Amino acid sequence: MAAAVVTRRPVIGVTTSLGGGRYMWWFYWLALRLAGARPVRLVAPRRPYDLSGFDGFIIGGGDDIAPDLYLADTPVDARIDPARDQMELAVLAHACPRDIPVLGICRGAQMINVHLGGSLHQDVRAVFTGVPKMWTPLPRKTVSFTPGSRLGEIHERERLRVNSLHNQAIDRLGDGLAIVARDEFGVPQAVECPAARFLAGVQWHPEFLIYRRVHRRLFQAFLAAVRARMEDEARRATREG
């Protein structure tokens, strides 16, 4: 059977916070437009029935995930956004069973892990020895990929300079996920699901680094998976039609 040809731009839902997420949104928008997609900003509350028109999702960065989603209690000083938590859990509940490609960025990587039954460290410096206080959108940290990992192959290198804008990190790993990158202090920096078409999360913010070709590769690979699924769906519709 001839390959299905899909000419429209993929529609990508991007979850962000209502206020502070606005500046991140414009970086996501640019990264996705450069990769040939049509990004749509998703801000809580967002209902599950609104999700059927999307070809892929980015779970973006932002405030901490409410710890009561994976712990018994939420610390009183936690900066959280429960409405966004529920929106993103709904997005993942919609996307994962349908094998819709999902890319998690920073908080988004953590949310993928929580959705799949994992947990988080509340403060990386309380768990990992020697982690410096680093909060920068510039590439000031080095991560090392697991040999043979998909994310390592996407970036075409064993080590990568990235930025750092997080205090939390993945602790107990969610079902089906593998940690495929760590920084020099052992902190998990990337996860992926080998069984999925594309379900991966990075702890850094590649949208702030798209001036470097290596960081554009992640968005390009994500969109390649999105387009492949669109073509599969078009072939299935043709057979059933």
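Here are the numbers:
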quantity	calculated
Matching residues, the stretch 143-159, being touching a residue at least 24 places away in the same chain (Cβ under 8 Å) and either of a type in the set (F, W, Y) or more than 15 Å from G201 (Cβ to Cβ) (or both)	S144, F145, E156, R157
Test for R140: is it touching an Asp or Glu at 6+ places or on another chain (Cβ under 8 Å), open to solvent by 10 Å² or more (accessible area, probe 1.4 Å), touching a residue at least 24 places away in the same chain (Cβ under 8 Å) and among the basic types (K, R)	no
Residue identified as in contact (Cβ under 8 Å) with a residue 12 or more places away in the chain and within 29 Å of Y211 (Cα to Cα) among D99, D64	D64
Residue list for the stretch 29-64, filter: assigned to a helix (DSSP H, G or I) and over 22 Å from E233 (Cβ atoms)	W29, L30, A31, R33, L34
The stretch 30-53 - residue that is modelled with pLDDT of 95 or more and more than 23 Å from G19 (Cα to Cα) and, of those, surrounded by the most Cβ atoms within 10 Å (Cβ to Cβ)	A37
Test result for R213, within 23 Å of C106 (Cβ to Cβ) and open to solvent by 20 Å² or more (accessible area, probe 1.4 Å)	yes
Residue selected from the stretch 106-139 under the condition at pLDDT below 95 and basic (K, R), by the criterion farthest from V91 (Cα to Cα)	K133
Unmet criterion (only one of (1) touching a Cys at 6+ places or on another chain (Cβ under 9 Å); (2) more than 23 Å from L165 (Cα to Cα)) for Q203	(2)
Residue in the stretch 11-29 that is nearest to L223 (Cα to Cα), counting only those that are open to solvent by 70 Å² or more (accessible area, probe 1.4 Å) and free of Cβ contacts under 8 Å to residues at least 12 places away in the same chain	W26
Any hit, the stretch 6-28, residues being assigned to a loop (DSSP other than H, G, I, E, B), aliphatic (A, V, I, L, M) and at pLDDT below 85	yes
Test result for C106, in contact (Cβ under 8 Å) with a residue 12 or more places away in the chain, of a type in the set (A, V, I, L, M, F, W, C) and buried (at least 24 other Cβ atoms within 10 Å of the Cβ)	yes
Residue check for R172: at pLDDT 95 or above, in a loop (DSSP other than H, G, I, E, B) and more than 17 Å from the chain's Cα centre (by Cα)	yes
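The values are calculated or read from the model by the stated rules, or taken from the named source; none is laboratory data. This is a predicted model, so every value here is computed, not measured. We place every Cβ from the backbone using ideal geometry, glycine too, and count neighbours over all the protein chains shown. Ligands, DNA and RNA are excluded from the accessible area calculation, which covers all protein heavy atoms including side chains. Shrake-Rupley method; radii C 1.70, N 1.55, O 1.52, S 1.80 Å.
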